[in-house]
Amino acid sequence: MDEPTRYDEKLGEILRQSATIFADRGFHQASVRDISAETGVSLSGLYYYFKSKEELLFLIQQHCFESLLVQVAAGLEGAVGPEARLRTLIEIHLGFFVANMPEMKVLSHEADALAGEYAARVLGLKRDYVALVRGCVEPLLPPDTSLDARTATFALFGQMNWIYNWYRPSRDPDAAGLARQMADLFIAGLHGARGSAADDAADDGSDEEKRALDVAPGALGAGGAL
């Protein structure tokens, strides 16, 4: 992997600080002038890195999903066997989540703020991540289970992303400990879900993938990334 350039490092710093501002104030309430004051970068300097506030929000979301996809893919290369792969995925997902809480809040609360090409590109990344997670869940489904892979996949997203609403580093396990407990619970649930086989629900390209990583408390019940 290429070493980050000074441009990349500065852009990453701007994205992190901007995500914190959007998380605290909301995308629509925050202004580029607010970001300039927080980052110490002039307005003209900021517009060297992005053309509009909408592009800035897109860059934050794109960076999060691409980083998560790269980290999970790299981690899975060294994981042998279906259970090890799923545990690795859960640990990386939760570790990224805990380390990037402002970004996760932005992904949640501003999930519908993008439109057009920006929204389409983020949706593509979300679908890639849902497919990656499903590929780790599906091999662990018992042959006589009544669950289908789609249901189990979105149930896992709901379980992992729920921490947005309750996780407190000062009183709860660290990301690795949290991942072990969640993996134990999820895998035990899969092993206990036995019954007559059910046909997979038809996938019509609807909004579940779009919401897969939306982590606001109100979205958790509907598949609540990337």
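For this structure, a couple of remarks:
- Only one of the numbered conditions (1) touching a Pro at 6+ places or on another chain (Cβ under 6 Å); (2) within 19 Å of LEU123 (Cα to Cα); (3) not acidic (Asp, Glu) is violated by THR20, and that is (2).
- Taking the criterion of being outside any loop (DSSP other than H, G, I, E, B) and either at positive phi or touching a Ser or Thr at 6+ places or on another chain (Cβ under 7 Å) (or both), the residues of the stretch 97-155 that qualify are PRO102, GLY116, VAL130, VAL133, ARG134, VAL137.
- Residues (farther than 21 Å from ASN100 by Cα and not in a helix (DSSP H, G or I)) located in the stretch 1-27: MET1, ASP2, GLU3, THR5
- Screening the stretch 156-175 for residues that are assigned to a helix (DSSP H, G or I) and among the small types (Gly, Ala, Ser) and picking the one that is surrounded by the fewest Cβ atoms within 10 Å (Cβ to Cβ) gives GLY158.
- Check on LEU178, surrounded by 12 or more Cβ atoms within 10 Å (Cβ to Cβ), of a type outside the set (D, E, K, R), over 30 Å from ALA119 (Cα atoms) and at pLDDT below 90: no
- Whichever residue in the stretch 93-110 is aliphatic (A, V, I, L, M) and surrounded by fewer than 21 Cβ atoms within 10 Å (Cβ to Cβ) and, among such residues, is farthest from HIS63 (Cα to Cα): VAL98
- Of the residues ALA79, ALA30, the single one that is in contact with a Phe, Trp or Tyr (Cβ under 7 Å, 6 or more places away or on another chain) and assigned to a loop (DSSP other than H, G, I, E, B) is ALA30.
- Picking from residues in the stretch 140-157 that are at pLDDT below 90 and not acidic (Asp, Glu), the one that is nearest to MET101 (Cα to Cα) is LEU147.
- Flag for GLN71 being within 21 Å of the chain's Cα centre (by Cα) and under 18 Å from PHE22 (Cβ atoms): no
- Looking across the stretch 1-56, not a single residue is modelled with pLDDT of 95 or more, closer than 27 Å to ALA73 by Cα and aromatic (Phe, Trp, Tyr).
The values are calculated or read from the model by the stated rules, or taken from the named source; none is laboratory data. Model, not experiment: these values are computed from the prediction. Virtual Cβ from ideal backbone geometry, glycine too; neighbours counted across all protein chains shown.
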